[in-house]
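Here the structure is laid out as structure tokens; the discussion comes afterwards.
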Amino acid sequence: MAGKDPGTTDTGNQFSAPVPRRRVVEALLGSGFLATAVAFFYPVLRYLVPPQESDLGGDSVVAGRVGELKPNSGKIFRFGQHPGLLIRTAGGEYRAMSATCTHLSCTVQYRDDLHEVWCACHNGMYDLNGRNVSGPPPRPLESFEVQVRGEEIYVRRRREA
Amino acid sequence: MSVWHSLRDWLNDRLEWDDLIEPLRKKAVPLHGLSYWYFLGGITLFLFVIQVLTGILLLLYYRPGANEAFESVQYIMTQVQFGWLIRSVHSWSANLMVFTAFAHMFSVLFLKAYRKPRELTWVSGVVLLFLVMGFGFSGYLLPWNTLAFFATKVGTDIAGQVPLIGKPLMIFLRGGEEVTGATLTRFFGFHVAVLPGIATLLILLHVLLVQRLGISVPPKLEVEWNANPAMKREMKFFPNFMLRELMAWYVALGVLGALAAIFPWNLGVKADPFVPAPAGIKPEWYFLFMFQTLKMIPSKIWFIDGEVLGVLAFGVIGLVWLLLPFFESEDPSRTKRWITGLAIFALTYVAGMSVYGHLAK
């Protein structure tokens, strides 16, 4: 047997078919490595995804107090983690909508000179109902329901009918 | 025998030091009217080293986190001795580095230095340019001021426009749905650990390739020199060219120091997620051409959102840019004219849109 490559076939012995044996060992080793790699990378990949945060504050927040806003003005309020825009129109009516521009998510503001909602980043315009009227925004701002209860102005998400 | 000689002999006995630096001695730099452009890569490398050094210094006092970042930079600028200078050098050097990297890329493009066998040098260089822009984008947020906050909102939202992987990519970058303190921590990690690690490896590869392949000769000159080898003119890299390069670094250091001291970098106003974006908001100058393009694309083109189309277009252009050498002819006398045309168009577009973006309201 001296000088013989340990991986070659000894045709006289039916139990030592070495090519399949080597394959089996390679497959075992390979799948072992693969399993180790998965065991390493799966937790790492999951770790990279930030945990979902519960949107505290629910569906309804106090956006301001009566008398805080003059007619023809607006303010940003916190709606959970997101900014919202509360407007008092020149006629004294309250409107509320998301303040996150639908173009590239800058925070919009009320322009009292134009009576419109404006995004300073890319010059997007919305009307007082949040409809996108000019510039790059592709969609309207989500509009919210406004209720005045006593001294407080409540804003809540519109329920699907 | 001087100390230097005995040290060299000691090293030679053990490491065969002279063999190691032999390739540097053989290396030569082609001499012609445009040889000055060969300095730009080296200057970019020099500015990168300045970034690493000043970055480490800033790390001694900087604290990431929405409640601390702005205050810690303010502390660096007002309380720490020469803190304002270190931060100003870091900001100025970053901007100069972006500029020299772009200039280096365009010089390589116009001198057609990306041709075979230097395709991989080009690819590694373009990836490095993208990394430099990544450094700029991630570092910009770290002082946590209003401009940076909205720039990051817009920038990560642009990443979010990519079809299929956009949303998960955006959440990964922001560390959540919105730009918050979690985003700041992530960007800090990218800026001081992930990007420097990748960039250092790629710079090593890039410089190694330059070393291995030698310095390219513009195609016209290559044809002439091949036809008549007596016309060939070269300068030894070591020490002749290197000493000139060192002088260029010295000048760069002077310019950097003067800019940093005479025009100290501003800190701005602390970011507040619940105020509107201020009027006249603009990104850093090297993103202006993309910003202005996105501003001018209509909201809908056919049935696709304008910004999705814009982002896809920039992605495709970036990919074509990366693979540009593979479209070029191997024969120096038949280089592709359309690539030169594209380069002129790209330079004009980037410069024109940047100026327009700067002037536009």
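Please treat every number below as a calculation from the coordinates, not as lab data. Being a predicted model, the structure only gives us computed values, none of them experimental. Cβ coordinates were reconstructed from backbone atoms using ideal geometry, including for glycine residues, and neighbour counts include every protein chain displayed.
To the nearest 10 degrees, how steep is helix B:306-322 against the longest Cα principal axis of chain B, on a 0 to 90 scale?
So the helix axis and the longest Cα principal axis differ by about 10 degrees.
Relative to the first principal axis of the alpha-carbon coordinates of chain B, what is the inclination of helix B:195-213, with its axis defined by its Cα atoms, in degrees from 0 to 90 and to the nearest 10?
20
For chain B, calculate the relative contact order in percent as a whole number, restricting contacts to Cα pairs under 8 Å that are 6 or more residues apart.
Details: 345 pairs, mean separation 95.3, N = 361.
Reported as a whole number, the value is 26 percent.
Let me know the Rg and Dmax you get for the protein assembly as shown when you use only its Cα atoms, in Å.
29.6, 104
Show me, for the range B:102-118, the HN-Hα J-couplings you get by feeding each phi into the Karplus relation (A = 6.51, B = -1.76, C = 1.60, θ = phi - 60°), rounded to Hz, glycine and proline as x.
4, 5, 4, 4, 5, 5, 4, 5, 6, 7, 6, 7, 7, 5, 3, x, 9
Using the Cα centre of the range B:27-359 as origin and beta-carbon charges of +1 (Lys, Arg) and -1 (Asp, Glu), tell me which of B:92, B:332, B:206 is placed farthest towards the positive end of the dipole.
Looking along the dipole axis, the top candidate is B:332.
List every residue whose amide H lies under 5 Å from the amide H of residue A:133, counting only residues 5 or more places away in sequence or on a different chain, with H placed 1.01 Å from N in the peptide plane.
A:125, A:126, A:127
Cα gyration tensor of chain B, axes a ≥ b ≥ c as square roots of the eigenvalues: rounded (a/c below 1.5), prolate (a/b > b/c) or oblate? Intermediate results must be reported in sequence, preceding the final value.
On the way: a/c = 2.14, a/b = 1.32, b/c = 1.63.
In terms of gyration-tensor shape, oblate.
Taking 27 Å as the cut-off for C-alpha to C-alpha distance, list the pairs among B:112/B:167; B:116/B:295; B:27/B:112 that go past it.
B:112/B:167; B:116/B:295
Which ³J(HN,Hα) values in Hz, rounded to whole numbers, follow from the phi angles of the range B:89-100 under the Karplus curve 6.51 cos²θ - 1.76 cosθ + 1.60, where θ = phi - 60° and Gly and Pro get x?
With coefficients 6.51, -1.76 and 1.60, one gets 4, 4, 5, 5, 5, 4, 5, 5, 5, 4, 5, 5 Hz.
In debye to the nearest 20, how big a dipole does the range A:57-132 give about its Cα centre with +1 on each Lys and Arg Cβ and -1 on each Asp and Glu Cβ? List each step's numbers first, then the result.
Working: 8 positive and 7 negative charges, 32 e Å.
Result for the range A:57-132 is approximately 160 debye, rounded to the nearest 20.
What ranking do B:138, B:354, A:60 get, fewest neighbouring Cβ atoms within 10 angstrom at the top? Show your work: numbers first, answer last.
Details: B:138 23, B:354 18, A:60 14.
Placing the least packed residue first, the sequence is A:60, B:354, B:138.
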